[in-house]
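To start, the structure under review is shown below, and the notes come after it.
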Amino acid sequence: MKFFIDTANLSQIKEAEDLGVLDGVTTNPSLMAKEGITGQDNILKHYVDICNIVSGDVSAEVISTDFHGIVAEGEMLASLHKQIVVKVPMIKDGVKALKYFSSKGIRTNCTLVFSAGQSILAAKAGATYVSPFLGRLDDINQDGVELIHQIVHIYRTYGYTTQVLAASIRSPLHIVKCAEAGADVATCPLSAILDLLKHPLTDIGLAKFLADAKKFSESPVR
Ligand code: E4P
């Protein structure tokens, strides 16, 4: 399973890249706003800055909601850098635009997906990635991980090549559950990736090893 980081924060992206496990980045307009990135020129420059930190795919989201607007915006975003993947919302004109981009060889990430039915439309329209938002489903008392299982099963059954990009991940457990479900990618906040490191027995075991090593190094050499 690939790891993408779900942020527009450059220092967090660098930290994840330095860890050596990062395969790409997803952003959205809310994440850009959170970093105070506003105005089209700044936003476009920020996408290029992100592409220069990582070597994998970087999702950049359109804000148009009509077919011609989505196409114009998506073509402009795709021309920024070869790593850019155009993020398109799961709406009627979005599905039409996914089909158009697919025919032009422009890679896409269909976002705001909350049902298996929506994921079938995204795959049939030729999306490169589909982004089911599992955390937001959990937030409304629906089983987000179950949706990942469902989509993976449907895509494998029919041989759809669209990659399942599990999004809206909140915890390390979500990451493990998505791996079990067969997701192709998990896009996560840095905190969830770093939380995968943690286990109290690792800390206790390491402290004991280091204490024993110190005793040994302090004993006289025979
Ligand atoms: C996906 O690409 C989205 O940016 C993201 O995962 C949404 O997550 P949230 O529900 O934590 O906002």
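The values are calculated or read from the model by the stated rules, or taken from the named source; none is laboratory data. Keep in mind the model is a prediction, meaning the values are calculated, not measured. Quick reminder, even Gly has a Cβ in these numbers, built from the backbone with ideal geometry, and neighbours come from all protein chains shown. Remember, those area values only see protein heavy atoms, side chains included, never the ligands or the DNA or RNA. Shrake-Rupley method; radii C 1.70, N 1.55, O 1.52, S 1.80 Å.
Yes or no: segment 36-46 includes at least one residue that is more than 16 Å from the ligand (Cβ to nearest atom) and buried (at least 19 other Cβ atoms within 10 Å of the Cβ). Working first, answer last.
We begin by selecting, within segment 36-46, every residue more than 16 Å from the ligand (Cβ to nearest atom); these are 36, 38-42, 44-45.
Narrowing the set further to residues that are buried (at least 19 other Cβ atoms within 10 Å of the Cβ) leaves none.
So far as segment 36-46 goes, no, none of its residues is more than 16 Å from the ligand (Cβ to nearest atom) and buried (at least 19 other Cβ atoms within 10 Å of the Cβ).
Can you pull out every residue in segment 124-134 that is in a helix (DSSP H, G or I) and within 15 Å of the ligand (Cβ to nearest atom)? Outline the logic, then answer.
Narrowing segment 124-134 to residues in a helix (DSSP H, G or I): 124, 134.
Hit for segment 124-134 is 134, nothing else.
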Requested in this report: Return the residue satisfying two criteria in turn: it lies in segment 180-192 and is small (Gly, Ala, Ser) and farther than 20 Å from residue 28 by Cα, and of such residues it is surrounded by the fewest Cβ atoms within 10 Å (Cβ to Cβ).
Outcome: 182
**Report entry** Failed item in (1) farther than 21 Å from residue 124 by Cβ; (2) in contact with a helix residue (DSSP H, G or I) (Cβ under 6 Å, 6 or more places away or on another chain); (3) more than 13 Å from the ligand (Cβ to nearest atom), with residue 190 passing the rest
**Finding:** (3)
Requested in this report: Spot the failing condition for residue 101; the list is (1) within 18 Å of residue 2 (Cβ to Cβ); (2) touching a strand residue (DSSP E or B) at 6+ places or on another chain (Cβ under 8 Å); (3) open to solvent by less than 30 Å² (accessible area, probe 1.4 Å), and only one is missed.
Outcome: (1)
Requested in this report: Return a yes/no flag: does segment 58-71 have any residue that is closer than 30 Å to residue 172 by Cα, of a type outside the set (A, V, I, L, M) and surrounded by fewer than 21 Cβ atoms within 10 Å (Cβ to Cβ).
Outcome: no
Query raised in the report: Taking segment 135-179 as the search range and keeping residues that are closer than 23 Å to residue 107 by Cα, of a type in the set (A, V, I, L, M) and surrounded by fewer than 22 Cβ atoms within 10 Å (Cβ to Cβ), which one is nearest to the ligand (Cβ to nearest atom)?
Result: 152
Report task. Return yes or no: is residue 106 under 20 Å from residue 25 (Cα atoms), away from the ligand (no atom under 16 Å from the Cβ) and touching a residue at least 12 places away in the same chain (Cβ under 8 Å)? Result -> yes
Report summary line: Going through (1) away from the ligand (no atom under 16 Å from the Cβ); (2) open to solvent by less than 30 Å² (accessible area, probe 1.4 Å) one by one, residue 5 fails only at (1)
